[in-house]
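Student: One structure, as structure tokens, below. Some questions next.
Computed from the coordinates by the stated procedures, all read-outs in this text should not be read as laboratory data. Bear in mind the structure is a predicted one, so any value in this text is a computation, not a measurement. All Cβ positions, glycine included, derive from the backbone under ideal geometry; neighbour counts span all protein chains shown.
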Amino acid sequence: MIVARGVTELKEILKEWRRRGDSIAFVPTMGNLHDGHLRLVEVGRAQANRVVVSIFVNPTQFCEGEDFDVYPRTPEQDLEKLRSAKADLAFLPATEAIYPHGRDGMSFVEVPGLSEQLCGRFRPGHFRGVATIVCKLFHLVQPDIALFGEKDYQQLTVIRKMVTDLDFPVRIEGVPTVREANGLAMSSRNAYLSPAEKDRAAMIYHTLLRAVAAIQDGERDYPALEERAREELQTVGFGVDYVSIRRQQDLAPPSATDRELVILAAARLGGTRLIDNIPFLVANEAL
Ligand code: PAF
């Protein structure tokens, strides 16, 4: 596996691969890699000749007072995992390589509407930072396919919209969430949780599962289901930002006939903010 830290080096390697006719799959990450990321590499390997993984903790997607400074940075372990997963290239740029002219007054990519709801309400500017860094990385890597975890469902939806609206020549593939044995969605931020908190954090998934089961049993009062799930989580000690049932495609509130839905939640346990979701198809007989 090649490790590139500079943009020129990255571009030279990619140019040579493209000259040979290789297709390129791209997995953008912020490092502290876990099995969810490695699954993205695996799916990428099955679909392209080369897999490029970036590791960059992007400052522009962290809001004031968030965990940018303490975000877990584990580059040596990450590189070991990527070697074992048979990635072809790891790109670990310094902040100056990505934002060489600083960040004051720079251009940003906005995906309005989608970016301000759900997590966007609690993390203003977050999706603007995500869309901007993903746009920049797409320009640097020029992948044929890019892989993102469904765990960050809103992020995936924002990126799909950006790619469609701005005609990026890349196929976006969402990969189902990888979970711990207790159901907790894998996330780099789980590193902040104690073993006891990890057990409790899995309750988010089980609460969402119960709401989905109620829908499949014929319940249709989505606001009431959201409220019930919120109360369940609050009772066991979470600070709940939201529980929301939306349409998969555009995260709009569903009508009674929409079948491709996703239930999403964001909740805080101690100082750690966790997100999870379950995409599901409303069973026909339940409509
Ligand atoms: O999901 C992440 O790790 C980040 O938001 C991403 C897509 C790598 C952009 O920094």
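Student: In Å and from the alpha-carbon atoms only, list the Rg and Dmax of segment 59-184.
Tutor: According to the Cα coordinates of segment 59-184, Rg and Dmax are 15.6, 45 Å.
Student: Here is a further query. Grab every C-alpha pair in segment 113-213, bin the distances at 10 angstrom width from 0 up to the longest one, and report whole percents.
Tutor: Taking all Cα pairs of segment 113-213, the binned fractions are 13, 37, 34, 15, 1 percent.
Student: Could you size up the charge dipole of segment 135-287 around its Cα centre, putting +1 on the beta carbon of Lys and Arg and -1 on that of Asp and Glu, and report it in debye to the nearest 20?
Tutor: Working: 18 positive and 22 negative charges, 85 e Å.
Here segment 135-287 has a charge dipole of around 400 debye.
Student: On a full-extension model of 0.36 nm per residue, what is the gain between residue 68 and residue 139, subtracting their alpha-carbon distance, rounded to one decimal in nm? Show your work: numbers first, answer last.
Tutor: Details: separation 71, 0.36 × 71 = 25.56 nm, distance 2.42 nm.
Gain in length upon complete extension: 23.1 nm.
Student: Have a look at 33, 112, 201 and report the one farthest towards the positive end of the charge dipole of the chain, computed about the Cα centre with Cβ charges (Lys/Arg +1, Asp/Glu -1).
Tutor: Selected residue: 33.
Student: Moving on. How would 34, 126, 101, 206 line up from fewest to most surrounding beta-carbon atoms within 10 angstrom?
Tutor: 101, 206, 34, 126
Student: Something else about it: Return 260, 76, 150, 116 ranked ascending by Cβ neighbour count within 10 Å, so the fewest neighbours appear first.
Tutor: Numbers: 260 12, 76 7, 150 19, 116 15.
The order, fewest Cβ neighbours first, is 76, 260, 116, 150.
Student: Rounded, prolate or oblate: which fits segment 52-95 when a ≥ b ≥ c are the square roots of the eigenvalues of the alpha-carbon gyration tensor, with rounded for a/c under 1.5 and prolate only if a/b beats b/c?
Tutor: Numbers: a/c = 3.34, a/b = 2.15, b/c = 1.56.
Prolate, because a/c is 1.5 or more and a/b exceeds b/c.
Student: Under the 0.36 nm per residue contour assumption, what length would be gained going from the current alpha-carbon distance of residue 173 and residue 96 to full extension?
Tutor: Working: separation 77, 0.36 × 77 = 27.72 nm, distance 2.91 nm.
Fully extending the segment from residue 173 to residue 96 adds 24.8 nm.
Student: Hey, another quick one. Per residue, how big is the convex hull around the C-alpha atoms of segment 1-142? Give it to me in cubic angstrom, could you? Walk me through the numbers on the way to the answer.
Tutor: Values: hull volume 17.9 nm³, N = 142.
Spread over its residues, the Cα hull of segment 1-142 gives 126 Å³ apiece.
Student: I'd like the distance between the alpha-carbon centres of segment 1-40 and segment 231-287, rounded to an integer number of Å.
Tutor: 33
Student: Taking the Cα atoms of the chain, what is the range of coordinates along each of the three principal axes, in descending order and whole Å?
Tutor: Sorted largest first, the three principal extents are 56, 41, 39 Å.
Student: Could I have the simple spin-label model distance between residue 191 and residue 9, label points 7 Å from Cα toward Cβ, reported in nm to one decimal?
Tutor: Taking the simple label geometry, residue 191 and residue 9 are separated by 2.2 nm.
Student: Now for a separate question. If you take every DSSP beta bridge whose two residues both sit in the chain, what share of them, in percent to the nearest 5, is antiparallel?
Tutor: Working: 19 of 38 bridges.
Roughly 50 percent of the beta bridges in the chain run antiparallel, per DSSP.
Student: Can you work out the FRET efficiency for the pair residue 104 and residue 268, with r the C-beta to C-beta distance and R0 = 35 Å, to the nearest 0.05? Can you show the working numbers first?
Tutor: Details: r = 31 Å, r/R0 = 0.89.
Here the calculated transfer efficiency is 0.65.
Student: Tell me, what is the percent relative contact order of segment 223-287, built from C-alpha pairs under 8 Å that lie six or more residues apart?
Tutor: Working: 100 pairs, mean separation 17.3, N = 65.
Here the relative contact order equals 27 percent.
Student: So, one more: Treating the beta-carbon of each Lys and Arg as +1 and of each Asp and Glu as -1, no other charges, what is the dipole magnitude of the chain about its Cα centre, to the nearest 20 debye?
Tutor: On the way: 35 positive and 40 negative charges, 137 e Å.
In total the dipole reaches around 660 debye.
Student: In addition: Please state, rounded to one decimal and in Å, the Kirkwood hydrodynamic radius that segment 167-235 gives when every pair of distinct Cα atoms enters the mean of 1/r. Display every interim value, and only then the final one.
Tutor: Values: mean 1/r = 0.0699 Å⁻¹.
Here the Kirkwood hydrodynamic radius works out to 14.3 Å.
Student: Work from the charge dipole of segment 216-265 (Cβ charges, +1 for Lys and Arg, -1 for Asp and Glu, about the Cα centre) and give the residue of 239, 253, 225 farthest towards its positive end.
Tutor: Going by the charge dipole, the pick is 253.
Student: Return 71, 205 ranked ascending by Cβ neighbour count within 10 Å, so the fewest neighbours appear first.
Tutor: On the way: 71 18, 205 21.
In order of increasing Cβ crowding within 10 Å: 71, 205.
Student: Consider all pairwise Cα distances in segment 160-287 and report the whole-number % of them above 25 Å. Walk me through the intermediate numbers first.
Tutor: Details: 2562 of 8128 pairs.
Across segment 160-287, Cα pairs with separations above 25 Å total 32 percent.
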